[in-house]
Amino acid sequence: MITGKDVPKPVPSEAKQVQETEEDVVLNISLRPTRLLEFTGQKDIVDNLKISLTAAKQRKEPLEHVLLSGPPGLGKTSLAHIIAHEIGTKITATSGPAIERAGDLIGILTNLEKGDILFIDEIHRLPKVVEEFLYPAMENFQIDFIIDKGPYAKTIKFNLKAFTLVGATTRVGLLTAPLRGRFGILHHLDFYGIADLSKIIKHSAKLLTMAIDDEAADEIAKRARGTPRVANRLLRRVRDYVQVSKTPRIDTETAKSSLDSLGIDKAGFDEADRRVLKTILEAYDGGPVGIESLAASLNEEADTIIDTIEPYLLKAGYLKRTSRGRVATALAFEHFGIPYNKDKQTELF
């Protein structure tokens with residue numbers, strides 16, 4: 001369990017070519033906004049959270065439980081910490097896989113003070129027994145202890161201090177209806193546009209005391225897969241390149257050459273993205289191909305493809321899901337310079 005402003009160290013996918021070191025993780029945390037006013041993008045979500053937070057503070061009540069969903073790296077963890085900062089309470093951060101037994105959750109819940117934030121990342125991976133134990137805690141701020149066994153078994157209710165649960169998930173469809181229904185505030189974060197990403201990059205460059213041209217920031221933003229976490233990661237790698245080459249500032253040519261050397265192409269694809277698309281295009285003639293077959297061909301976990309690779313490819317229009325499997329679109333064929341058979345692909349849809 002991690003409390004305060006500490007954040008669990010993220011475990012990057014082995015499929016990703018650009019890995020994060022411990023220094024990267026520390027820097028990534030330092031670049032995170034601490035207030036809603038500093039949060040760039042997701043305007044509708046930020047506006048609605050402002051209203052919810054203001055109303056809760058005016059009523060002097062804890063904020064309702066919040067569920068944040070969306071692909072990795074879009075700001076779910078940052079928003080959880082911002083909520084705690086805006087309310088002025090402590091945040092306790094953990095993750096679904098880390099809570100293995102109901103007893104683990106009891107220890108966390110009983111240590112929460114009124115108005116505190118409990119942040120559970122990857123909440124869809126909570127064990128079933130822990131999830132069921134969470135229901136009365138969320139609804140009535142109570143937990144039930146069962147002591148003794150058989151005919152001597154009895155239930156003891158323990159009252160908790162009113163807290164706010166902030167859950168984050170990359171796969172909201174895996175949440176059970178009873179758990180999802182206990183959240184009063186639900187927000188889905190979507191991929192960022194280039195303008196917002198460029199603004200984030202320039203702000204991060206300022207914090208890193210790096211000079212950067214507007215065009216260079218746009219170039220990095222275009223290759224950042226619509227994701228602030230990726231944008232900041234690429235900025236740090238470009239910073240390394242600039243530092244070693246003793247270049248005074250990050251200009252467009254420097255950004256392009258350093259990102260090219262990292263294997264990040266103009267569409268923002270890294271080696272893992274290209275492997276997925278090229279396998280569909282070359283081994284399966286553009287698809288359709290089932291996710292399990294695709295994962296077996298790539299010697300990769302299906303969940304890794306679904307959670308970290310597919311979301312951007314789908315959003316950017318390079319991949320489609322059909323009832324028969326994954327299918328590469330005309331954009332994917334064009335990106336790799338492979339002739340596109342429109343008649344064949346039309347039949348699939």
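The values are calculated or read from the model by the stated rules, or taken from the named source; none is laboratory data. These figures come from a predicted structure and were not determined experimentally. Don't worry about glycine lacking a Cβ; one is built from the backbone with ideal geometry, like all the others, and counts go over all protein chains shown.
Conditions first: (1) farther than 30 Å from residue 39 by Cβ; (2) touching a Leu at 6+ places or on another chain (Cβ under 6 Å). Residue 299 passes all but one, so which condition is the exception?
It is condition (2) that residue 299 fails.
Which one of the conditions (1) out of contact with any strand residue (DSSP E or B) (no Cβ under 7 Å at 6 or more places or on another chain); (2) free of Cβ contacts under 8 Å to residues at least 60 places away in the same chain; (3) assigned to a helix (DSSP H, G or I) does residue 114 fail to meet, given that it meets all the rest?
Result: residue 114 passes all but (3).
Of the residues that sit in the range 184-221 and are surrounded by fewer than 24 Cβ atoms within 10 Å (Cβ to Cβ) and in contact with a Gly (Cβ under 7 Å, 6 or more places away or on another chain), which one is nearest to residue 267 (Cα to Cα)?
Once the filter is applied, the top-ranked residue is 191.
From the list 133, 145, pick out the single residue that is farther than 28 Å from residue 224 by Cα and part of a strand (DSSP E or B).
145
Please go through the range 310-340 and give me each residue that is under 16 Å from the mean Cα position of the chain (by Cα) and either modelled with pLDDT under 85 or not in a helix (DSSP H, G or I) (or both), ordered by number.
Across the range 310-340, there are no qualifying residues.
Find the residue count for the range 57-83, including only residues that are in a helix (DSSP H, G or I), of a type outside the set (S, T, N, Q) and either free of Cβ contacts under 8 Å to residues at least 24 places away in the same chain or surrounded by fewer than 19 Cβ atoms within 10 Å (Cβ to Cβ) (or both).
Residues in the range 57-83 being in a helix (DSSP H, G or I), of a type outside the set (S, T, N, Q) and either free of Cβ contacts under 8 Å to residues at least 24 places away in the same chain or surrounded by fewer than 19 Cβ atoms within 10 Å (Cβ to Cβ) (or both): 2 in total.
Across the range 267-298, which residue is surrounded by the fewest Cβ atoms within 10 Å (Cβ to Cβ) among those that are within 30 Å of residue 252 (Cβ to Cβ) and in contact with an Asp or Glu (Cβ under 9 Å, 6 or more places away or on another chain)?
Step by step, filter the range 267-298, then rank; the result is 274.
Could you tell me how many of the residues in the range 201-231 are under 22 Å from residue 190 (Cβ atoms) and part of a loop (DSSP other than H, G, I, E, B)?
Qualifying residue count for the region: 5.
Would you point out the residue of the range 276-287, among those that are in contact with a helix residue (DSSP H, G or I) (Cβ under 6 Å, 6 or more places away or on another chain) and not aliphatic (A, V, I, L, M), that is nearest to residue 225 (Cα to Cα)?
The extreme case among them is 279.
Are any of the residues in the range 259-274 of a type in the set (Gly, Ala, Ser), assigned to a helix (DSSP H, G or I), farther than 14 Å from residue 225 by Cα and within 20 Å of the chain's Cα centre (by Cα)?
No - not one qualifying residue is present in the range 259-274.
Consider the range 177-200. How many of its residues are more than 21 Å from residue 252 (Cα to Cα), in a helix (DSSP H, G or I) and in contact with a Leu (Cβ under 9 Å, 6 or more places away or on another chain)?
Matching residues across the range 177-200 total 2.
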